[in-house]
1. Only Lys, Arg, Asp and Glu count, each charged at its Cβ (+1, +1, -1, -1), so figure out the dipole size of region 1-222 about its Cα centre, rounded to 20 debye.
2. How much mean residue ellipticity at 222 nm does the chain get from its helices, if each DSSP H run of length 4 or more adds -39500 (n - 2.57) and you divide by all residues, to the nearest 500 deg cm²/dmol?
3. Of PHE163, PHE88, which has the most accessible area with a 1.4 Å probe, and how do the rest follow in descending order?
4. To the nearest 10 square angstrom, how much accessible area does LEU54 have with a 1.4 angstrom probe?
5. Which of rounded, prolate, oblate describes region 15-89, given a ≥ b ≥ c as roots of the alpha-carbon gyration tensor eigenvalues and a/c under 1.5 marking rounded, otherwise prolate only if a/b is larger than b/c?
6. As a test of reading the structure, rank TYR63, TYR12 by solvent-accessible area (1.4 Å probe, protein chains only), most first.
7. Just to be sure I understand: with springs between alpha-carbon atoms less than 10 Å apart, which residue in THR72, THR170, THR194 has the highest mean-square fluctuation in the Gaussian network model of the chain?
8. Under 15 Å from the 7 Å Cα→Cβ point of ALA191, by amide nitrogen: which residues of region 151-181?
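The values are calculated or read from the model by the stated rules, or taken from the named source; none is laboratory data. No experiment lies behind these values; they were computed from the predicted model shown. Positions of Cβ are backbone-derived with ideal geometry, glycine not excepted, and every protein chain shown enters the neighbour counts. Heavy atoms of the whole protein, side chains included, go into the accessibility calculation; ligands, DNA and RNA do not. Shrake-Rupley method; radii C 1.70, N 1.55, O 1.52, S 1.80 Å.
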Amino acid sequence: MMVELERIKKVYSLGKVQVEALKGVSLKIDKGEYVAIVGPSGSGKSTLMNIIGLLDRPTAGSYKLNGVEVSTLSDDQLAYLRNRQIGFVFQSFNLLHRLNALANVELPMLYAKIPSRERRERALKALEIVGLSDRIYHKPNELSGGQQQRVAIARAIVMNPSFLLADEPTGNLDTASSIEIMKIFHQLNEAGTTIIMVTHEQDIANHAKRIVRLRDGLIVEDSLVSNRITY
Ligand code: ADP
Ligand code: ADP
């Protein structure tokens, strides 16, 4: 099992006040799945994303990533796993504005100390997959929002991660660009990439194969998408 969460709880302490953001979430996600995590504001989506993405630790419960219990790992070990196992796609793209598309995509490989020639080859391949071979020397502000998100997707897949973790990936995009991004996700998933995506937009969630719905820190629905949108 790629992602295995068991009875995950997360409590935030604000002085004397405690907020239980996750109240015992159990969730298994297998290789090749395409999961949308949905739910109203405050239901715990970001908290769950941060835990799955190894950006935050649960207060209680077990998280196994590819069979490895990660709750007990050090911050350095988590950072190492994060860079190699998880490809992040954010609402705000999070590209470095001084660097062109190619250099942005090479960045995770630079952290991983991959030799420059291999970095270049793999970055070019990733940019080809997202259809940006003709924009590799453009800087983010010379690209449209949809194109910037495609650069971010190329950056996310270039380390061959176990899964893509996308947080409102179309939140800053118009409808046409959103569809463009959903087409790329579909194509990546068809090619075997596991995708976990948080969205509050039902139309976007309906591109996934499975919907996990949170409410008040608990999973209240976990079902296959019957009216799935495909391309
Ligand atoms: P969502 O992403 O679905 O909007 P969140 O995971 O952000 O939900 O929030 C779940 C609950 O946890 C909310 O009640 C929120 O106010 C609380 N919360 C989230 N992050 C923090 C934090 N850093 N400190 C305190 N409370 C938090
Ligand atoms: P961000 O979106 O936070 O600005 P960057 O663009 O700096 O991230 O980095 C891209 C990728 O490299 C992300 O997958 C991120 O997790 C990873 N990364 C960022 N900083 C480090 C670091 N110091 N060590 C290892 N990996 C990192």
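1. Here region 1-222 has a charge dipole of around 480 debye.
2. -10000 deg cm²/dmol
3. So, going from the largest accessible area down, we get PHE88, PHE163.
4. 10
5. Because a/c hits 1.5 or more and a/b fails to exceed b/c, region 15-89 counts as oblate.
6. Accessible-area ranking of TYR63, TYR12, largest first: TYR12, TYR63.
7. THR72
8. 151-164, 181
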